[in-house]
1. Of 266, 231, 287, which residue is more than 18 Å from residue 342 (Cβ to Cβ), assigned by TED's automatic domain parsing to the domain that holds residue 378 and at pLDDT 90 or above?
2. Considering (1) among the aliphatic types (A, V, I, L, M); (2) within 14 Å of residue 185 (Cβ to Cβ); (3) modelled with pLDDT of 90 or more; (4) out of contact with any Lys or Arg (no Cβ under 6 Å at 6 or more places or on another chain), say which one residue 54 fails and leave the rest.
3. Is there any pair linking a residue in the stretch 183-198 that is over 17 Å from residue 170 (Cα atoms) and touching a residue at least 60 places away in the same chain (Cβ under 8 Å) to one that is in a helix (DSSP H, G or I) and among the charged types (D, E, K, R), with Cβ under 6 Å and at least six apart or on different chains, and which?
4. In the stretch 231-347, which strands (runs of 3 or more DSSP E) lie fully inside it and hold 2 or more residues that are in contact with a Leu (Cβ under 6 Å, 6 or more places away or on another chain) and in contact (Cβ under 8 Å) with a residue 40 or more places away in the chain?
5. Cβ-Cβ below 7 Å, separation at least six or inter-chain, first residue in the stretch 63-82 and in the same structural domain as residue 119 (by TED's automatic domain parsing) and at pLDDT below 95, second among the acidic types (Asp, Glu) and surrounded by fewer than 18 Cβ atoms within 10 Å (Cβ to Cβ): which pairs?
6. Could you count how many residues in the stretch 108-126 are modelled with pLDDT under 90 and in contact with a strand residue (DSSP E or B) (Cβ under 7 Å, 6 or more places away or on another chain)?
7. Looking at (1) within 22 Å of residue 175 (Cα to Cα); (2) touching a residue at least 60 places away in the same chain (Cβ under 8 Å); (3) surrounded by fewer than 22 Cβ atoms within 10 Å (Cβ to Cβ), which one does residue 37 not meet, given that it meets all the others?
8. Of all residues in the stretch 83-121, count the ones that are more than 29 Å from the chain's Cα centre (by Cα), without any contact (Cβ under 8 Å) to a residue 24 or more places away in the chain and within 24 Å of residue 59 (Cβ to Cβ).
Amino acid sequence: MTKFADLKLDPKVLKAVAEAGYETPTPIQAQAIPEALNGRDVLGIAQTGTGKTASFTLPLITRLARGRARARMPRSLVLAPTRELAAQVAENFDVYAKYTRLTKALLIGGVSFSEQDKLIDRGVDVLIATPGRLLDHFERGKLLLTGVEVMVVDEADRMLDMGFIPDIERIFQMTPFTRQTLFFSATMAPEIERITNTFLSNPVRVEVARQAATAETIEQKLIELKPTRRDRAFAEKRAMLRQLIESEGEACTNAIIFCNRKIDVDVVAKSLKKHGFDASPIHGDLDQSVRTRTLDGFRDGTVRLLIASDVAARGLDIPAVSHVFNFDVPSHAEDYVHRIGRTGRAGRSGKAFTIATPSDDKYLAAIEALLQKPLPRGEEPAGFAQAAVDSETADGGRPDKDERPARKPRGEKTERPRRERKPRGAKAAAVEAVAEQAVEAVAEAPVAAAEPAQAAPVAEVVAVRAPREESRSDNRGERNDRNNDRNENRNRGGRGRRDRDDQPVVGMGDHVPEFLLREFRTKAG
């Protein structure tokens, strides 16, 4: 059996590996490390959890042991798709290079540029970065890639899924043609194969497992859920998840729960917390400090349940994960392999549960076609039926439509209580009474006075207005009188003076129709 001591690694590296507790390399390490030490380009294809990180970290440290870094010109470059994976590579570098004088810089988003600039200006041997932040530093003129001797691309298929392939091609073009390239991926999509044919020079292909195979140490179960109603699917999936966790009992020491959408990550985490579970979310929209703190808590056991998007599905080295729950069936078949690969690592046993609804049939078919075998079906846990009935939106989840009152069948009328008429006010009653008397008065008046009589009810209605209105009209009348006096005095002394007493009376004069002088009284009076 091959030992690390047989791989011609630097003695300082072997000492660090031995202190880390490793003696025997994994198949991908045993095949990739010798070829990398010989200076060959390596194309490594292996399922997640097989030790790909050490496959390039150990030969990289051995090769860079001789030489010196220059300012702003790193000697090697490691590209990772996510911040967490880049940070994990940096941690592995610290473990294996602790007896060397090699320096490193970690370039990821969510961290101040100034601190990263100081490290680059000082000169680093290993530059570990995500593509976006690396290009940001390059475009700011803080970084040169012309001194790169070894370039590593980790989780290349994840790069493809996240849309980083154009950035990867651009970075390749900024590095020297004479570099050594170590290219690792779990799957080989046509686009990935095109890049390897373009930028790798006669690579050694190292493939230790069938493409997209799952580890045999993982017990897989598919739980098929048929919601009672379509709008209850999300709530009943949450109830199913809680019952699965409770049914595993103490065997579920910790678990990663995967959701397809970031918003569902927050909802499921909030729901589990509401029901007394120790759960924390992690996804790309959270601050880097929060993501780092959450992962550290999950590693040291202070966080039991980690609800994650696929940002945590690739490459994270958390060896002691007992369970994986797919709250959502992944929309890409390859993601299923990477998700459940978070458990059953390094020879340990693990369990993976997947909750599926009828709408997930096409995704399940793609997964089973990729694995070339059907997923084992499992039974719903005991107590789920009652838990589904008792599920409420008060657990912090999204509002469910079933909380609304149920609709009645068509054709069935809904009885509504009749509105009670409010008692009429005294003012409204008085106005109506005046109007009735006015109508009676007009009917009794002579025919000749019929037309002028139509104005009488209006006059009386105005007369019964509230005292408030009368006071307002009195005030207006006083103001008008004062204005008239001023105008009259002004006209008497002005150029347009005229004697108004000499003017003829306009209107009815002293003659007033009899019906206008008639008195109206309410019945109450």
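1. It is 266.
2. That leaves (2) as the condition not met.
3. The qualifying pairs are 184/52; 185/157; 186/157; 187/157; 187/334.
4. 255-258
5. Every condition considered, the pairs that remain are 71/121; 72/121.
6. Residues in the stretch 108-126 being modelled with pLDDT under 90 and in contact with a strand residue (DSSP E or B) (Cβ under 7 Å, 6 or more places away or on another chain): 0 in total.
7. With (1) within 22 Å of residue 175 (Cα to Cα); (2) touching a residue at least 60 places away in the same chain (Cβ under 8 Å); (3) surrounded by fewer than 22 Cβ atoms within 10 Å (Cβ to Cβ) applied to residue 37, the lone miss is (2).
8. Of the residues in the stretch 83-121, 3 are more than 29 Å from the chain's Cα centre (by Cα), without any contact (Cβ under 8 Å) to a residue 24 or more places away in the chain and within 24 Å of residue 59 (Cβ to Cβ).
The values are calculated or read from the model by the stated rules, or taken from the named source; none is laboratory data. Since the model is a prediction, treat every value here as computed from it, not as a measurement. Glycine gets a Cβ as well: all are built from the backbone with ideal geometry, and neighbour counts include every protein chain shown.
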